[in-house]
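> Got a structure for you, written out below as structure tokens; questions coming shortly.
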Amino acid sequence: MIETIKINIKPVSTSKLSQIDFNNIDFGKVYSDHMYIADYYNGSWQDFRIEPYDMLSFTPGSAILHYGQSVFEGLKAYRGESGEILVFRPEMNFRRINKSAVRMCIPEVTEGIFMEGLTELLKLDKNWVPDLPNTSLYIRPYIFALDEYIGIQPSKNYKFIIFTCPVGPYYSKPLKVKIETEFSRAVQGGTGYAKAAGNYAGSLYPAMLAQQKGYDQLIWTDGATHQFIEEAGTMNIMFVIGDKLLTANTGDTVLKGITRDSVLTLAREWGMEVEERQIPVTEIVEALQKGEVQEAFGVGTAATIANIELIGDDQNDYSLPSIKPDSFSSKILKELDDIKTGKKEDEHGWIYKI
Ligand SMILES: *Cc1c(COP(=O)(O)O)cnc(C)c1O
């Protein structure tokens, strides 16, 4: 049973909705009318409320600004056939934000605080869920530390916020990626399995260097030896080689993606051979040289499936075959879209209807 919480709602006086051109939305730049906020002080989460999306104010000494004690999530809501709002696997994000929170010494939120806040926010901003093809409402829950204190210790005060953004496609074309063998995204014993803010700050510089060489993103390898493939940018990575679906096993350094889990589940149900294991860089490079890599793609909530058209190592760039409508990644993308928008029956209990 999810406990009930009391949420105070202060609606906007005028909605911004009429100013939005849903045919032209830049990912993550348009914000819906409201946000959900909870404060943590005196040892508990309290003051649950929904307010107009607006500026926050906190002091320059706030811990988040200095030490990055912060975790976040990303999930999406879709509009179903008869206009209803469908959220994809939100209880997974609820569980994962707490897993991330524990790693960063942030107090966990209860299921009621997460799910009821999300539900009430989406009820209020339901008209912000777009219904054009390839659009959705991106939902961003996050928690951050607020103590005004420059010493390093876990904060005693936090904010949990959920806001939403109507979005179109994340990537407009297939990606060129470079296998990174100098910098690391995550290390054994580190914070790579958590969606901790600092992980992403640390990934910007290596990604920028790769972009200067003409790539879009990086393929991250393990921090100890750089001999095993882990993720692609901020997504999990998958390969189709000899009709087998191959992805890195999750753990300390590979984030447990919900899209990853969904794709693997469907692939297994379709009778495809699936391998979750360590992936040597040499195995992929050899398969690329022999032309055996049929498909490579990133999987994550923002992009769902991000096809890769070129993989570079320190010596060569290898082009991949172009994606066709009957490619695995095209079929899986369509299947996921059909489930998310209610066109296909939800056999897995993945859809949370508002
Ligand atoms: C969020 C994220 C993913 C993808 O997870 P989803 O639950 O599928 O969105 C993969 N890798 C990293 C590093 C991430 O932060």
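> For residue 14, are the conditions met, namely being exposed (fewer than 15 other Cβ atoms within 10 Å of the Cβ) and either of a type in the set (Phe, Trp, Tyr) or closer than 19 Å to residue 126 by Cβ (or both)? Reasoning before the result, please.
Details: exposed (fewer than 15 other Cβ atoms within 10 Å of the Cβ): yes; either of a type in the set (Phe, Trp, Tyr) or closer than 19 Å to residue 126 by Cβ (or both): yes.
Yes; evaluated as a whole, the condition is true for this residue.
> Residues that are hydroxyl-bearing (Ser, Thr, Tyr), at pLDDT 95 or above, under 20 Å from residue 162 (Cα atoms) and in a strand (DSSP E or B): does region 18-37 have at least one? Please lay out each step first, then the result.
Step one: list which residues in region 18-37 are hydroxyl-bearing (Ser, Thr, Tyr), which gives 18, 31-32, 36.
Subsequent filtering for residues that are at pLDDT 95 or above retains 31-32, 36.
Subsequent filtering for residues that are under 20 Å from residue 162 (Cα atoms) retains 31-32, 36.
Keeping just the survivors that are in a strand (DSSP E or B) gives 36.
Looking for residues that are hydroxyl-bearing (Ser, Thr, Tyr), at pLDDT 95 or above, under 20 Å from residue 162 (Cα atoms) and in a strand (DSSP E or B), one finds at least one in region 18-37, hence yes.
> Does residue 186 meet the test of being out of contact with any strand residue (DSSP E or B) (no Cβ under 6 Å at 6 or more places or on another chain), buried (at least 20 other Cβ atoms within 10 Å of the Cβ) and assigned to a loop (DSSP other than H, G, I, E, B)? Write out each step before concluding.
On the way: out of contact with any strand residue (DSSP E or B) (no Cβ under 6 Å at 6 or more places or on another chain): yes; buried (at least 20 other Cβ atoms within 10 Å of the Cβ): yes; assigned to a loop (DSSP other than H, G, I, E, B): yes.
Yes; evaluated as a whole, the condition is true for this residue.
> Would you check if there is a residue in region 117-130 being closer than 25 Å to residue 168 by Cα and either within 16 Å of the ligand (Cβ to nearest atom) or in the same structural domain as residue 301 (by TED's automatic domain parsing) (or both)?
So far as region 117-130 goes, yes, one or more of its residues are closer than 25 Å to residue 168 by Cα and either within 16 Å of the ligand (Cβ to nearest atom) or in the same structural domain as residue 301 (by TED's automatic domain parsing) (or both).
> In addition: With away from the ligand (no atom under 12 Å from the Cβ), in a helix (DSSP H, G or I) and either under 26 Å from residue 138 (Cα atoms) or not basic (Lys, Arg) (or both) as the only criterion, which of 205, 215, 200 stands out? Can you show your working first?
Working: 215 fails: in a helix (DSSP H, G or I); 200 fails: away from the ligand (no atom under 12 Å from the Cβ).
Answer to the selection: 205.
> While we're on this one: Any chance region 247-263 includes a residue that's at pLDDT 95 or above, closer than 16 Å to residue 311 by Cβ and either within 12 Å of the ligand (Cβ to nearest atom) or assigned by TED's automatic domain parsing to the domain that holds residue 203 (or both)?
Looking through region 247-263, at least one residue is at pLDDT 95 or above, closer than 16 Å to residue 311 by Cβ and either within 12 Å of the ligand (Cβ to nearest atom) or assigned by TED's automatic domain parsing to the domain that holds residue 203 (or both).
> For region 319-329, indicate whether the set of residues that are assigned to a strand (DSSP E or B) and surrounded by fewer than 17 Cβ atoms within 10 Å (Cβ to Cβ) is non-empty.
To start, the set of residues in region 319-329 that are assigned to a strand (DSSP E or B) comprises 319.
With the extra rule that they be surrounded by fewer than 17 Cβ atoms within 10 Å (Cβ to Cβ), the set shrinks to 319.
Among the residues of region 319-329, at least one is assigned to a strand (DSSP E or B) and surrounded by fewer than 17 Cβ atoms within 10 Å (Cβ to Cβ), which makes the answer yes.
> If you don't mind, another one. Can we say residue 228 is over 27 Å from residue 72 (Cα atoms), of a type in the set (A, V, I, L, M, F, W, C) and surrounded by 14 or more Cβ atoms within 10 Å (Cβ to Cβ)?
Values: over 27 Å from residue 72 (Cα atoms): no; of a type in the set (A, V, I, L, M, F, W, C): yes; surrounded by 14 or more Cβ atoms within 10 Å (Cβ to Cβ): yes.
It is false that residue 228 is over 27 Å from residue 72 (Cα atoms), of a type in the set (A, V, I, L, M, F, W, C) and surrounded by 14 or more Cβ atoms within 10 Å (Cβ to Cβ).
> Is it the case that some residue within region 39-48 is surrounded by fewer than 17 Cβ atoms within 10 Å (Cβ to Cβ) and modelled with pLDDT under 95?
Within region 39-48 (the criterion being surrounded by fewer than 17 Cβ atoms within 10 Å (Cβ to Cβ) and modelled with pLDDT under 95), the answer is no, since none of the residues qualifies.
> Is it true that residue 228 is more than 30 Å from residue 28 (Cβ to Cβ), more than 14 Å from the ligand (Cβ to nearest atom) and in contact with a Ser or Thr (Cβ under 8 Å, 6 or more places away or on another chain)? Steps first, answer last, please.
Details: more than 30 Å from residue 28 (Cβ to Cβ): yes; more than 14 Å from the ligand (Cβ to nearest atom): yes; in contact with a Ser or Thr (Cβ under 8 Å, 6 or more places away or on another chain): yes.
So residue 228 fits the description; yes.
> Now a separate question. Which residues, taken from region 182-200, are in contact (Cβ under 8 Å) with a residue 24 or more places away in the chain and within 17 Å of residue 64 (Cα to Cα)?
Result: 191, 194, 195, 196, 197, 198, 200.
> Taking the criterion of being within 16 Å of residue 179 (Cβ to Cβ), outside the structural domain of residue 76 (by TED's automatic domain parsing) and within 13 Å of the ligand (Cβ to nearest atom), would at least one residue in region 275-291 satisfy it?
Step one: filter region 275-291 for residues within 16 Å of residue 179 (Cβ to Cβ), giving 278-289.
Subset that is outside the structural domain of residue 76 (by TED's automatic domain parsing): 278-289.
Now narrow it down to the ones that are within 13 Å of the ligand (Cβ to nearest atom): none.
Scanning region 275-291, I find no residue that is within 16 Å of residue 179 (Cβ to Cβ), outside the structural domain of residue 76 (by TED's automatic domain parsing) and within 13 Å of the ligand (Cβ to nearest atom), so the answer is no.
> Determine whether region 264-274 contains at least one residue that is within 16 Å of the ligand (Cβ to nearest atom), polar (S, T, N, Q) and in contact (Cβ under 8 Å) with a residue 60 or more places away in the chain. Spell out how you get there, then give the answer.
Going residue by residue through region 264-274, those that are within 16 Å of the ligand (Cβ to nearest atom) are 264-267.
Restricting the remaining residues to those that are polar (S, T, N, Q) gives 265.
If we keep only those that are in contact (Cβ under 8 Å) with a residue 60 or more places away in the chain too, we end up with 265.
Checking region 264-274: at least one residue is within 16 Å of the ligand (Cβ to nearest atom), polar (S, T, N, Q) and in contact (Cβ under 8 Å) with a residue 60 or more places away in the chain.
> Do the conditions hold for residue 310, that is, is it modelled with pLDDT of 95 or more, among the hydrophobic types (A, V, I, L, M, F, W, C) and in a helix (DSSP H, G or I)?
Numbers: modelled with pLDDT of 95 or more: yes; among the hydrophobic types (A, V, I, L, M, F, W, C): yes; in a helix (DSSP H, G or I): no.
So residue 310 does not fit the description; no.
> Next question. Just the residues that are more than 12 Å from residue 313 (Cβ to Cβ), in a helix (DSSP H, G or I) and not acidic (Asp, Glu), please, taken from region 270-290. Write out each step before concluding.
First, the residues of region 270-290 that are more than 12 Å from residue 313 (Cβ to Cβ): 270-280, 283, 287, 290.
Now restrict to residues that are in a helix (DSSP H, G or I): 283, 287.
Selection gives 287 alone.
The values are calculated or read from the model by the stated rules, or taken from the named source; none is laboratory data. What you see is a predicted model; the values in this text were computed from it and never measured. In this analysis, Cβ positions are derived from the backbone assuming ideal geometry, glycine residues included, and neighbour counts consider all displayed protein chains.
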